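To keep things clear, I will list the structure first and then write my remarks on it.
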Amino acid sequence: EREGILRRCLVSVFRQHLPPHVRLNVVVIDDGSPIPAETEIAAFNVVHPFDMTIIKQPNGGVAAARNTGLSHVPKTATYIAFLDSDDMWEPTHLIKAISALDRGYDFYFCDSERVGQPYTSFSEKVFSNFLLKHARHLDDDFHELDRESFFDQSLRERVFLTPTVVYRRSVAPDLAFDTSLRIAGEDCLFFFQLLQKCKSICCCSELMVRCADGVNIHAGKYSWNDSGHLLRHIGQLQACYKLRDRLSLSAKGNAFISYR
């Protein structure tokens, strides 16, 4: 990582427009970063409605870092969201998510883009076609998704990225990331297990999350010239086996995972 990346991420967190009744607990995990978290956050004056906790631990991978974060979420927390240090939320991201979840939905996500790419996640995957066939338009840019259709679609082509998701904690309070998946698939396994526990799903088609230029262990290994290219494929295979073993899949879903 480079100096300033975590600071930029946290600026996007502390600029969130929150409803009056909401308190935001920010848990920062320093997972052996070469740039200590303390130096990145020294300039922040954290005041109500924000709280911030910093936890340092030896590098154990993204799943271990997220699990530490989950274990330090206050028991009173209603909703949970993840944000990697090189990603940023638009100022109205959380207030839109909370507005949706307060209607009774269990799982919320929004559109995102990677800085420097000419398309968003929704436009790249032509997600508008799915919304026309398998979603009920609510108001503004919100859509209620058909749970089963969305699950099957996501197995084939996942449109939501980790920093776009906000979910109801009570749906799966003890769910954790698989720490054996260090290169690929730890987020897929977690979120697909979570989705199978959710009763209702909502999304916002507005662009609310920007993924920037930090270290991406998975995406950084797509080039054939990268020494970790084969490891990425091995990691994906391991993740597929775990998806098949831990999820309740339809015959079509099981066939897709097995073929993949």
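Things to note:
- Set 96/133; 56/252; 125/252; 96/242; 199/242 screened for pairs whose C-alpha atoms are more than 31 Å apart: 56/252; 96/242
- At 1.306 mPa s and 10 °C, Stokes D of segment 1-80 from Kirkwood alpha-carbon radius, µm² per second: 117
- Measuring nothing but protein heavy atoms, the accessible surface of segment 30-114 at 1.4 Å probe radius is 56 percent carbon and sulfur.
- Put simply, when 90-98, 139-147 are sorted by average Cβ atoms within 10 angstrom per residue, most first, you get 90-98, 139-147.
- Size descriptor, Kirkwood hydrodynamic radius, that averages inverse alpha-carbon separations across the chain, Å: 19.2
- Cα-based shape type of segment 160-215, given that a ≥ b ≥ c are square roots of the gyration tensor eigenvalues and the cut on a/c is 1.5: oblate
- Within the chain, antiparallel bridges make up roughly 50 percent of the DSSP beta bridges whose residues both belong there.
- For segment 1-37, trypsin sites (Lys or Arg not before Pro) meeting the loop criterion (DSSP other than H, G, I, E, B) and having at most 16 other Cβ atoms within 10 Å: 2, 15, 23.
- Estimated distance in nm for a label pair at residue 53 and residue 170, the labels positioned 7 Å out from Cα along Cα-to-Cβ: 2.1
- Relative contact order computed over segment 1-102 (Cα-Cα under 8 Å; 6+ residues apart), in percent: 44
- Cβ-derived FRET efficiency at R0 22 Å, residue 14 paired with residue 73, nearest 0.05: 0.75
- Euclidean distance of C-alpha centroids, segment 126-187 and segment 38-76, integer Å: 24
The values are calculated or read from the model by the stated rules, or taken from the named source; none is laboratory data. Predicted model, so just to flag it, every value in this text is computed and none were measured. Ideal geometry is used to build each Cβ from the backbone, glycine not excepted, and the neighbour counts take in all protein chains shown. Note: accessible area is taken over every heavy atom of the protein model, side chains too, but ligands, DNA and RNA are not part of it. Shrake-Rupley method; radii C 1.70, N 1.55, O 1.52, S 1.80 Å.
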